[in-house]
Amino acid sequence: MMNPDGGDGDRPEAAGAGSSSAQQGHPTMEWRFAQVFGERAAGEDVQEVDIISAIEFDKSGDHLATGDRGGRVVLFERTDARDNASRREMERQDAPITRHPEFRYKSEFQSHEPEFDYLKSLEIEEKINKIRWCQTANNSLSLLSTNDKTIKYWKVQEKKVKQVSVMNLDSRSVGTGTTSSASTSSSRGLLPNGGCSDKSSFLNSDILFPPGGYPSLRLPVVVASQDVNLVARCRRVYAHAHDYHINSISTNSDGETYISADDLRINLWNLEINNQSFNIVDVKPPNMEDLTEVITCAEFHPTHCNTLAYSSSKGSIRLIDLRQSALCDNHSKIFEEHEAPGSRSFFTEIIASISDIKFSRDGRYILSRDYMTLKLWDLNMDSGPVSTFQVHEHLRPKLCDLYENDSIFDKFECCLSGDGLRVATGSYGNLFRVFGCTPGSTEATTLEASRNPMRRQIVNPTRPTRTLTSLARGVRRGGENQGVDANGNSFDFSTKLLHLAWHPTENSIACAAANSLYMYYA
């Protein structure tokens, strides 16, 4: 199932080397294929339940989890030969890392099953919407997974297989009353468990007890063998707290709480309490006819446990502080880009809806993805995005067709590198794009989720153009990307790369193309 490319001797760029390379002109990375799991054979049909719907690295980068539309969670673990201690020592000495991150299949379990809400006559599908890792303890892995209505807290740990090593009786012939040598060697003066001094009339005549009973009768001994099984156990189920479909969950840096968000509300949970949550954001108007925007995504700050951000269908991002009030309807900051006069159309609000937001690792920036663009926001500058990256500008003439086939409502995810120097997001035709986001960078690479990621490389403009709305620091890149590949073939809108994740410490990306998980490194 796993197909690592072992013939490539090049090494990935270490996380610590990213800053120095950025200061030396930000060279464009050369991405290489690393591994694929669940690769389809030519002409093989994809089962709906096998399509990957969520991807998430843990904070260490040593584990990767995927969820699919069949409600399953699959875990992968890193298999690099070096252990963490030696690796940290190598990084401290600036020693080269000779191999890219390699992963192997670890385990899988059924997280959610299809359900039916009899009160609302509503089918609840088992599809995994989001996965978030929790803090680990006692060598066990903990994670949250959610479908449209129910969140579950899973603990996965290794259990040694237990076996019975000593049986009650030694081997003996039944019906004759004779004992084995092991029995005769024992003292006959004792009456162990099951022994009797004389034959009772109520005993089964087929089994004859010797005089004095069986001296070798003893309790079985259970011992743990060297064989180890991975066991997934559901520790908590958080249900019946959302009237609308859950679109995101996010764990807090305090390790004790997390948030869940649907279209109109955000709830705060304690991981240890599953029968109570606190509603901290509620955008539901008294009259639903007055509803103008909905919540699309929510994310905790990576280091400040009192700060979180949520995005809306109108293209705005609100930053809230949990210390201000119990119900955080008033935001502390809002980040939005005002549309240019005369540019409004029927599709303006649809394509402005933000499908995903991510904090940078240091918490200084927020990356947002709407249908057309990626935007990078500085938390200290709410006048507009620092940078805007064009992803689907070439599709603007086709918005009518995309609306007719519902593709315009596709929700693409985004991610940032651990060093904050690059961002990535998916597109159609199983393509994904990587942009350099440091000042002066013109890096804009288009890659395909296949064994040859560079084969559909599209020439990108080398000269950035300024945005109209984001002061002097904003730049646009990638806007001249046409809707065809290098061979002149149009993109296939039925194949889309919605889900991807960046390794937290290295330049490695995992992305999902239907039921296949591809991994690349640079």
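Observations on the structure shown:
- Sites Val46 and Leu219, calculated FRET efficiency, Cβ-Cβ separation with R0 51 Å, nearest 0.05: 0.40
- Exceedance of the 25 Å cut-off in Cα-Cα distance is limited, within the set Lys333/Lys375; Lys155/Lys375; Lys59/Lys152; Lys333/Lys398, to Lys155/Lys375; Lys333/Lys398.
- If you plug the beta carbon distance of Leu122 and Asp290 into 1/(1 + (r/R0)^6) with R0 = 25 Å, you get a FRET efficiency near 0.55.
- 1.4 Å probe accessible area per residue over the range 210-308, in Å²: 50 Å²
- Cβ crowding within 10 Å averaged over residues, with 220-231, 430-441, 110-121 ranked highest first: 430-441, 110-121, 220-231
- Extension gain, Gln226 to Asn279: 0.36 nm times the residue separation minus the Cα-Cα distance gives 14.3 nm.
- Förster-model FRET efficiency, 22 Å R0, Phe347 and His245, C-beta, rounded to 0.05: 0.40
- Probe 1.4 Å, accessible area per residue of the range 97-149, Å²: 53 Å²
- Among the chymotrypsin sites (Phe, Trp or Tyr not before Pro) in the range 327-370, those located in a DSSP loop and surrounded by at most 16 other Cβ atoms within 10 Å of their own Cβ are Phe346, Phe347.
- Surface per residue (accessible, 1.4 Å probe) for the range 323-370, Å²: 57 Å²
- Sorting 401-407, 41-47, 411-417 by average packing, meaning the other beta carbons within 10 Å per residue, from highest down gives 411-417, 401-407, 41-47.
- Within the accessible surface of the range 324-401, defined with a 1.4 Å probe on protein heavy atoms only, the carbon and sulfur portion equals 52 percent.
- Within the range 272-333, GluC sites (Glu not before Pro) in DSSP loop having at most 11 other beta-carbon neighbours inside 10 Å: Glu272
- Inter-site label distance for Tyr105 and Thr442 at 7 Å from Cα along Cβ, in nm: 4.6 nm
The values are calculated or read from the model by the stated rules, or taken from the named source; none is laboratory data. If you're wondering where the values come from, they're calculated on a predicted model, not measured in any experiment. Methodologically, a virtual Cβ is constructed for each residue, glycine included, from the backbone with ideal geometry; neighbour enumeration extends over all protein chains shown. These area figures cover heavy atoms from the full protein model, side chains too; ligands, DNA and RNA do not enter into them. Shrake-Rupley method; radii C 1.70, N 1.55, O 1.52, S 1.80 Å.
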